[in-house]
1. Extending each Cα 7 Å along its Cβ direction at Ser83 and Val120, get the distance between those two points in nm, one decimal.
2. Under a GNM of the chain (C-alpha, springs under 10 Å), which listed residue has the highest mean-square fluctuation: Ala104, Ala128, Ala63?
3. Residue-wise, which Karplus ³J(HN,Hα) couplings in Hz belong to the range 43-59, taking 6.51 cos²θ - 1.76 cosθ + 1.60, θ = phi - 60°, and x for glycine or proline?
4. Compute the Kirkwood hydrodynamic radius of the chain, taking the inverse of the mean of 1/r over all pairs of distinct Cα atoms, and give it in Å to one decimal.
5. Does anyone have the angle between helix 60-77 and the longest principal axis of the chain? Alpha-carbon axes, 0 to 90°, nearest 10?
6. Relative contact order (percent) for the chain, with alpha-carbon contacts under 8 angstrom and 6 or more residues of separation?
7. Provide the per residue accessible area, probe 1.4 Å, for the range 48-98, rounded to a whole number of square angstrom.
8. Label points 7 Å out from Cα along the Cβ direction at Tyr49 and Glu135: separation in nm?
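The values are calculated or read from the model by the stated rules, or taken from the named source; none is laboratory data. A quick note: this is a predicted structure, and the numbers were derived from the prediction, not measured. Heads up, the Cβs are rebuilt from the backbone with ideal geometry, glycines too, and the neighbour counts pull from every protein chain shown. With ligands, DNA and RNA removed, areas are computed over all heavy atoms of the protein, side chains included. Shrake-Rupley method; radii C 1.70, N 1.55, O 1.52, S 1.80 Å.
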Amino acid sequence: MRAYSLLVSSLLCAVPAAAAEVPLERHALGSWEADIGYSGVVRDGDTLYVSGVPCRGQDMQAAVRACYGELTKILQRFGADSSQVVKETAYTTDMDALVKAIPARKAFFADGRYPAASWVQVSRLFNAEDMLEVEWTVRLK
């Protein structure tokens, strides 16, 4: 047992200081986030977790263009592009309309490099007027 304890102790001591926990970076996308209690983007090393970006428009095509346009701006803020999106979750109040808007969504992903994705229909989003909310997980280069 003593040999095991010494081995564990020596391994723990061998971890370099650089491997110590790196603090999460929290980035606000809007002033309302503090009121609600969340961060628009959290960076954990080389991974970005982008909170759901809500959108509305005259129709789902317009909502898709608004959401993905805003998400593209967020990527640019971190020096990233759509090819680095690993996972997408889309919440919509109208799945049939979102399915019809697939071509508008696909236009945001260069060279057909699409992320893993889940689409979920919900009865409403935080703001009742919103039609779509999209969250991303992004791997930075």
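1. Each label point is offset 7 Å from its Cα along the Cβ direction, giving 3.1 nm.
2. Highest fluctuation of the listed residues: Ala128.
3. 9, 10, x, 9, 10, 9, 10, 9, 4, x, 9, x, 9, 9, x, 4, 8
4. Working: mean 1/r = 0.0585 Å⁻¹.
It is 17.1 Å.
5. 30
6. Details: 215 pairs, mean separation 40.3, N = 141.
Once divided by the residue count of the chain, the mean separation gives 29 percent.
7. Working: 2250 Å² over 51 residues.
Computed with neighbouring chains in place, this is 44 Å² per residue.
8. Label-label distance for Tyr49 and Glu135, simple model: 0.8 nm.
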